[in-house]
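The values are calculated or read from the model by the stated rules, or taken from the named source; none is laboratory data. For clarity, every value in this text was computed on a predicted model and none was experimentally measured. All Cβ positions, even for glycine, are placed from backbone atoms using ideal geometry, and neighbour counts span all protein chains on display. Just so you know, the surface numbers come from the protein's heavy atoms only, side chains and all, with ligands and any DNA or RNA stripped out. Shrake-Rupley method; radii C 1.70, N 1.55, O 1.52, S 1.80 Å.
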Amino acid sequence: MSEQTRFTLNETDLPKQWYNILADSPVPPAPVLNPQTLEPITPDFLSVLFPMELIMQEISSERYIDIPEEVREIYKLWRPTPLIRARRLEKALGTPAHIYYKYEGASPSGSHKPNTAVAQAFYNKAAGVKAMTTETGAGQWGSALAMACNFFDLDLEVYMVKVSYGLKPYRRIMMESFGAQVFPSPTETTNYGRSVLAEDPDSPGSLGIAISEAVEVAATSNGAKKYGLGSVLNHVLMHQSVIGEEALKQMDLADEYPDVVIGCVGGGSNFAGIAYPFLRENLKNGQRTRLLAVEPTATPTLTKGEYAFDYGDTAKMAPVVKMHTLGHGFVPPTIHAGGLRYHGMAPSVSALFDAGLIEAVSVHQKTTFDAALQFARAEGILAAPESAHAIRAAIDEALEAKAKDEKRVILFNLSGHGHFDLASYETYLAGELEDYAHPAEAIKSAMEELPNVA
Ligand SMILES: *Cc1c(COP(=O)(O)O)cnc(C)c1O
């Protein structure tokens, strides 16, 4: 075991390939369906939205896919990211456990999202696309794609969930600084936005609605604009595998191996990014690391949602996939972890959870902020509210190890910093944060709206 605190890799250790879990997953992927016909989707349908290289990655069963040199060059601006042993937190907890975290907040936009944003912008540019559209919740994905589109000289339209647009002006300004146009969703400029506003002029918006708007704009642009999604899809999760591949090498430097790997889950990408390379080691090399996904009790997709075919967006324009879902009509409460409010979950994460290969737990937001504060005071990093869910679970693991007086090696993904989330911290510090659990009846009635797939 190493005496070091910080485990850094060289540029030469930057992964040359992304890892695709579909090559090793014992659970075959369910078909992706056309939202109109509910028949298996054709590459044609997808090609309205995505460049062909990304579609091929989406359906690939290749174990490894080469990372283009242009993408690696940009990754080098912040990768490999550090792996840090949280020694001061361990001491504060008085735990025999060893706690490590991979710090993705070290990226220029402050989260793991640029790992896929740069790749997506690269493949769109290579396919001759001139502009992209996307949605953003908290603004992390929008900022990452704005940076990436700027690097590759692509225009970008961002549909930002209205409640976040109001709560997080600084993320909007960051996107605009990179040259993106940002609209509060629902807008008056899309058919779908207008239909939502006609029913509810005060709609706070949701990720599902914003996705519908961004998809509509791309789909009706006659090929001029393509759409980028920041999570959920196979190719997005695959781009994030650089996190876990680096972490494997860094745990090696630390001369330890994790008993449990933890990540928060919104759509599943940062969790998959750190966890899937360790899952490969479980499946192929006899390791037995537990993989733990952490979600808010307010959006309990894995722990309370149903594993069923559902639409990816509210307007039923995006493909139908089999996933854990709270129903495509889900309008979440305005909890502060804006990035964790999507109604569904990545199909691969859902399938692996269903098969018992990964675990999930839900946590309330007050205790999550308690953990974030404890972590900040010990380690000096103010985490994104999303990432704080992983911190909560890591601390709980460490306290359990203490109670049982056992050594446990814990690794979690610190998916982003919270420097744009200070309003949430302010609410917490003022004692005004409220817990919210998604009611079981709401899930039950939402399930009646699921597509009828034979
Ligand atoms: C977007 C985001 C998440 C949630 O998305 P996943 O796809 O589940 O990773 C988590 N943490 C941060 C910091 C984010 O920006």
Exercise. Against the longest principal axis of the chain, how steep is helix 140-151, in degrees 0 to 90 to the nearest 10, with axes from Cα atoms?
Worked result: 70
Exercise. For the chain, with only Lys/Arg (+1) and Asp/Glu (-1) charged at the beta-carbon, what is the dipole magnitude about the Cα centre, in debye rounded to 20?
Worked result: 760
For this session: Determine the relative contact order of the stretch 296-454: mean sequence separation of Cα pairs under 8 Å and six or more apart, normalised by residue count, in whole percent.
Result: 28
For this session: May I have the extent of the alpha carbons of the stretch 155-203 along their three principal axes, as whole Å values ordered from largest to smallest?
Result: 33, 24, 9
Exercise. Taking a 1.4 Å probe, which of T220, T367 shows the most accessible area, and what order do the others take after it?
Worked result: T220, T367
Exercise. If r is the Cβ-Cβ distance from R288 to E432 and R0 is 51 Å, what FRET efficiency results, to the nearest 0.05?
Worked result: 0.75
For this session: Indicate the gyration tensor shape class of the stretch 374-454 (rounded, prolate or oblate), computed on the Cα atoms with a ≥ b ≥ c the square roots of the eigenvalues: a/c under 1.5 is rounded; otherwise a/b larger than b/c is prolate and the rest oblate.
Result: oblate
Exercise. Sorted by average packing, counted as other Cβ atoms within 10 angstrom per residue and highest first, what order do 321-331, 16-26 take?
Worked result: 321-331, 16-26
Seminar exercise, completed: So, over other residues within a Cβ distance under 15 Å of Y100, counting Lys, Arg +1 and Asp, Glu -1, the net charge is 0
For this session: Sort the following peptides by mean Cβ neighbour count (other Cβ atoms within 10 Å, averaged over residues), highest first: 132-144, 200-212.
Result: 132-144, 200-212
Exercise. Relative contact order for the chain: what is it in percent, counting Cα pairs under 8 Å that are at least 6 residues apart?
Worked result: 20
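Determine the dipole magnitude for the stretch 257-371: charges of +1 sit on the beta-carbon of Lys and Arg, -1 on that of Asp and Glu, nothing else is charged, the reference point is the Cα centre, and the result goes in debye to the nearest 20.
Using Cβ point charges on Lys, Arg, Asp and Glu, the stretch 257-371 gives about 100 debye.
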Problem set entry | Distance violations [Cα-Cα > 25 Å] among K366/K402; K249/K322; K249/K407; K125/K316; K76/K113 | K249/K322; K125/K316
Exercise. In nm, what is the difference between 0.36 nm times the number of residues separating Q4 and S47 and their Cα-Cα distance?
Worked result: 10.7 nm
Problem set entry | Semi-axes of the equivalent ellipsoid for the chain, Cα gyration tensor, largest first, Å | 32, 24, 22
Seminar exercise, completed: The summed charge of the L22 Cβ neighbourhood (under 11 Å; Lys/Arg +1, Asp/Glu -1) stands at -2
Exercise. What angle, in degrees between 0 and 90 and rounded to the nearest 10, separates the Cα long axis of helix 114-126 from the longest principal axis of the Cα atoms of the chain?
Worked result: 40
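Leaving ligands, DNA and RNA out of it, rank E62, E448 by accessible area with a 1.4 Å probe, largest first.
E448, E62
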Problem set entry | Dipole axis of the stretch 1-80 (+1 Lys, Arg; -1 Asp, Glu on Cβ), positive-most option in S61, L49, P26 | P26
Exercise. How would M447, M160 rank on accessible area, largest to smallest, probe 1.4 Å?
Worked result: M447, M160
Exercise. Counting only the heavy atoms of the protein chains, how much of T368 is accessible to a 1.4 Å probe, in Å² to the nearest 10?
Worked result: 0
For this session: With an 8 Å cut-off on Cα pairs and a minimum separation of 6 or more residues, tell me the relative contact order of the stretch 201-293 in percent.
Result: 25
Problem set entry | Under 16 Å from K304, Cα to Cα: aspartates and glutamates that are on another chain or at least 8 residues apart | E295, D354, E359, E441, E448
For this session: Can you tell me the equivalent ellipsoid semi-axes for the stretch 62-113? Use √(5λ) from the Cα gyration tensor, largest first, whole Å.
Result: 31, 14, 8
